[in-house]
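Below is one structure, written out as structure tokens; comments come after it.
Read-outs: derived from the displayed coordinates by stated rules, not from any lab. In this text the structure is predicted, and so the values were computed from the model without any measurement. Using ideal geometry, Cβ is built from the backbone for each residue, glycine included, and neighbour counts are taken over all protein chains shown.
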Amino acid sequence: MGYEEWARWQTSRRRFLQRAGLVTLTVGAGPTLLAACGDDDDGESASTATQGPAKAPAASGRVDFLSWEGYDIPDPLKSWKSENGVTVKATYIGNHDEIQTKLKAGGAGAGYDIITYYQGYKPLYQELDILEPLDEQKLPNLKNLFPYFASKEGSFWIDPDGTRTGVPWTWGSIGITIDTRRVKSMPSSWLDLLEPQFKGRVAMPDDPVGSFTLAAHVEGFDPSKTTKADGEKVFDLLSRMAAQTTGVSPSFGDATTKMTAGDADICWQGWAAMNQFAADAGVDSFETEVPKEGSFSFCDAYALPAGADNVDSALSWMNESLVPKVNAEAAVVLVGGVTVEAAVADLPKNIAGLYRYDELDSLLERSPFYNNPPVESDEFVTFEEVQKRWQEIKAEAGSA
Amino acid sequence: MKAPPRVGPLVLTAPAVAGLLVFFIAPLLAFAVYSFLTGSLYDVKAPLTVENYKEVFETDINRTLGRNSLVVGLLAALFSVLIALPMAYWLRYSAGRWRGLVLFLIVASFLASYLVRIFAWRTMLGRNGAINRGLESIGLIDEPLDFLLYNRFAVTVALVHIFLPYVVLVLYAGLAPLQPSYLETAQDLGAGRVQRWRRVVLPLVAAPAVSAFLFVFVLSAADYVTPQLLGGTSGGMLGVQVQVAFIGTGDFAYGAALAFAMLAGFVVCYALIALGLRLTKLDKVRFAT
């Protein structure tokens with residue numbers, strides 16, 4: 001029993017999907033997004049422009065994968081694996097932080113060829129020297145990306161000097177999720193969840209950084225640059241929100257289950273995909289909307305960890321994930337968003353309807369991508385402080 | 001004919017000892033060293049320090065969660081033993097032809113996943129769970145009872161359910177040498193049912209019962225999965241903090257110190273219980289051979 005079984009449960013596909021947002025949503029702050037959208041210079045790397053047409057490398061052998069179950073997109077990549085004779089040895093995680101824990105504990109050459117990170121973790125992963133640069137000449141399908149995802153904005157996937165560190169392939173935004181069987185009208189503000197009628201009825205995923213990011217956004221702060229003084233306002237909001245719950249859910253799947261079982265009515269840090277998860281469980285009464293304050297978005301990217309030995313196959317994998325059909329199939333499997341513009345046409349109605357692709361810029365302006373709080377800072381709230389304060393908030397919620 | 005050479009006990013136990021040294025003692029020692037090093041991001045570094053332990057004991061949340069762990073551990077252990085003891089007694093002396101089947105069912109219950117059992121309790125104790133629905137259907141309550149789930153009570157119930165089969169087996173094995181003739185003799189000497197339990201059964205079963213108690217106590221108090229799923233806002237426990245230190249904040253040194261502080265707490269509890277056994281002389285009680 002214990003950890004192994006816990007981790008297995010956490011990463012079973014459906015539950016992974018339900019929970020992916022929990023951990024994926026631990027994000028931090030991005031700068032102005034609109035400015036980046038449509039910036040053609042950012043969308044194409046200098047190397048692509050100067051070194052001739054890009055070409056995906058030949059893939060072969062075994063690829064060692066480390067990330068969430070489902071993020072190895074076995075079905076969408078089936079043809080690619082079969083055509084290239086590639087086998088995948090997957091190691092699944094139960095928490096995003098396990099990626100850096102496993103890589104650091106195993107040291108360089110821990111044996112993994114491909115990982116994922118979501119954008120808020122980029123500074124931490126750079127600090128830990130986890131990310132290897134990617135050769136864009138071997139990623140021709142980067143041209144398929146939506147302009148925003150192809151841009152350097154936020155340096156989430158491309159460093160300011162043009163070095164690419166990740167290939168964004170799936171994303172989502174969060175909002176307020178309600179069960180309309182018990183909540184008749186969608187609240188217009190995150191602060192409505194603090195109303196007495198929701199006492200003991202709020203579901204809240206156990207995602208310290210994600211919750212901090214959302215609360216900072218609601219308070220009008222950038223979570224990666226929230227001063228210690230402003231941080232107290234953010235933590236106070238989180239304390240009051242936690243006191244509205246009967247307990248913090250260890251995953252998004254758990255929050256969904258809690259709502260479908262009638263033990264909660266409304267979700268702080270909800271997610272449009274929860275509607276689908278509930279529908280899969282026979283409950284089609286979930287709705288998710290971004291309230292007036294907006295929220296934040298999350299995007300996961302494939303990356304090459306230090307010490308990878310099957311680099312060409314990993315790059316070929318990343319490139320394949322940007323084939324419109326593959327990108328769309330991955331979105332269906334993961335109940336997520338596509339990063340490839342042409343993939344939208346391949347999406348079934350329910351998945352395409354999760355996000356307004358025709359108003360993507362507007363959506364990302366209201367729900368930006370953020371960076372996580374910094375690892376070290378005397379001025380701003382740090383990643384560690386968020387983790388520690390979150391544990392206190394959870395413990396104190398019971399006595400509130 | 002020449003007798004085969006005798007293999008000494010040291011040689012026979014060497015593989016097990018080696019395994020224990022490599023896979024248990026060495027990692028434990030490594031983490032003991034970690035706990036005195038300075039935490040770095042997902043790493044540890046010099047110099048040696050006692051700051052980690054200072055932080056463990058000075059942090060309010062650790063005291064709160066430590067108390068929760070202690071209470072849940074003690075309650076789970078106590079109720080497991082109290083429920084298992086009559087079951088083991090019945091199995092040993094009264095089950096008759098049902099003994100084999102019941103023992104099989106107890107062993108078979110281990111096949112049910114730990115998490116399935118936790119979720120089963122959510123289904124039972126939830127607002128729309130079987131208990132609330134049942135009480136509503138017979139008119140005992142008008143509104144669902146909210147206090148059944150997401151608290152220490154729910155955590156304790158689930159842990160008792162999870163560990164009960166182990167404790168029944170331990171106590172059944174503990175009662176196995178206690179022949180029915182012991183009880184018949186006591187009865188012949190005028191001991192009533194209560195006196196037979198108090199003066200014959202309990203002293204003889206005290207040692208295995210204490211072992212089972214400690215087993216459940218340690219595993220329950222250190223659990224970090226059940227509290228997250230059933231504990232709600234009031235049922236958090238210290239094990240979760242260790243997990244957060246290693247995986248969340250990457251502070252291996254602090255996590256190691258926290259784990260060793262918990263270990264020290266368990267050792268103190270063990271010592272107190274052993275002392276209790278010694279003071280009551282129950283540690284001297286043996287089956288006649």
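A few comments on the model shown:
- Per-pair calculated FRET efficiency, R0 = 51 Å: residue B:202 and residue B:40 via Cβ, rounded to 0.05: 0.45
- Counted residue by residue at 0.36 nm each, then reduced by the alpha carbon distance between them, the extension gain from residue B:268 to residue B:7 reaches 90.1 nm.
- Net charge, residue A:342 excluded, C-beta distance under 15 Å - Lys, Arg +1, Asp, Glu -1: -3
- Toward the positive end of the charge dipole of region B:112-263, with +1 on the Cβ of Lys and Arg and -1 on the Cβ of Asp and Glu, the farthest Cα among B:187, B:153, B:215 is that of B:187.
- Top of B:256, B:264, B:154 by mean-square fluctuation, Gaussian network on chain B, Cα under 10 Å: B:264
- Full-stretch length increase - residue B:182, residue B:131 - with 0.36 nm per residue and alpha-carbon distance subtracted: 14.1 nm
- By the count of neighbouring beta-carbon atoms within 10 Å, fewest first, A:114, B:273, B:61, A:73 end up ordered B:273, B:61, A:73, A:114.
- Counted charge near residue A:129, where neighbours are those whose Cβ lies closer than 12 Å (Asp, Glu -1; Lys, Arg +1): -2
- If the chain linking residue B:93 and residue B:60 were pulled fully straight, counting 0.36 nm for each residue of separation and taking away their Cα-Cα distance, it would gain 6.9 nm.
- By the count of neighbouring beta-carbon atoms within 10 Å, fewest first, B:188, A:97 end up ordered B:188, A:97.
- Chain A - charge dipole about Cα centre, Lys and Arg +1 at Cβ, Asp and Glu -1, debye rounded to 20: 1160
- Gaussian network model of chain A, springs between alpha carbon atoms under 10 Å - residue of A:323, A:283, A:335 with greatest fluctuation: A:283
- Distances between placed amide hydrogens fall under 5 Å for residue B:40 paired with B:45, B:252, B:253, all partners being 5 or more residues away or on another chain.
- Selected from A:343, A:217, A:249, residue furthest toward positive end of dipole (chain A; charges at beta carbon): A:249
- Scanning chain B for long hydrophobic helices, with DSSP H runs required to stretch 15 angstrom or more by C-alpha along their axis and to average at least 1.0 on the Kyte-Doolittle scale, returns B:9-20, B:152-175, B:202-221, B:252-279.
- Unit charges at the beta carbon, dipole of the protein assembly as shown: most positive-side option, B:17, A:74, A:237: B:17
- Each Lys and Arg adds +1 at its Cβ and each Asp and Glu adds -1 at its Cβ; summed about the Cα centre, region A:216-302 shows a dipole of about 280 debye.
- Sequence-separation-based contact order of region B:29-284, relative, with Cα cut under 8 Å and 6+ spacing, percent: 35
- With the helix formula -39500 (n - 2.57) applied to DSSP H stretches of n ≥ 4, chain A reaches a computed 222 nm mean residue ellipticity of -10500 deg cm²/dmol.
- Summing Lys and Arg as +1 and Asp and Glu as -1 over all other residues whose Cβ lies under 14 Å from the Cβ of residue B:157 gives a net charge of +2.
- Sites residue B:108 and residue A:163, calculated FRET efficiency, Cβ-Cβ separation with R0 56 Å, nearest 0.05: 0.45
- Summed over qualifying helices (DSSP H, 4 residues or more, each -39500 (n - 2.57)) and divided by its residue number, chain B shows a 222 nm mean residue ellipticity of -21000 deg cm²/dmol.
- Burial ordering of B:153, A:286, A:156, fewest other beta-carbon atoms within 10 Å first: B:153, A:286, A:156
- Restricting region A:332-400 to trypsin sites (Lys or Arg not before Pro) that sit in a DSSP loop and have at most 12 other Cβ atoms within 10 Å of their own Cβ leaves A:356.
- In this structure the amide hydrogen of residue A:200, modeled in the peptide plane, comes within under 5 Å of the amide hydrogens of A:245, none closer than 5 places in sequence on its chain.
- Using a simple spin-label model with pseudo-atoms 7 Å out from Cα toward Cβ, residue B:101 and residue B:191 lie 3.2 nm apart.
- Principal-axis tilt of helix A:208-219 within chain A, Cα atoms, nearest 10 degrees: 70
- Region A:366-393 residues near the modelled residue A:306 label - backbone nitrogen below 19 Å, point 7 Å along Cα→Cβ: A:375-376
- Assigned charges on the beta-carbon of Lys, Arg, Asp, Glu; region B:1-147 dipole about Cα centre (debye): 1020
- Cα centroid of region B:181-196 to Cα centroid of region A:251-314, whole Å: 64
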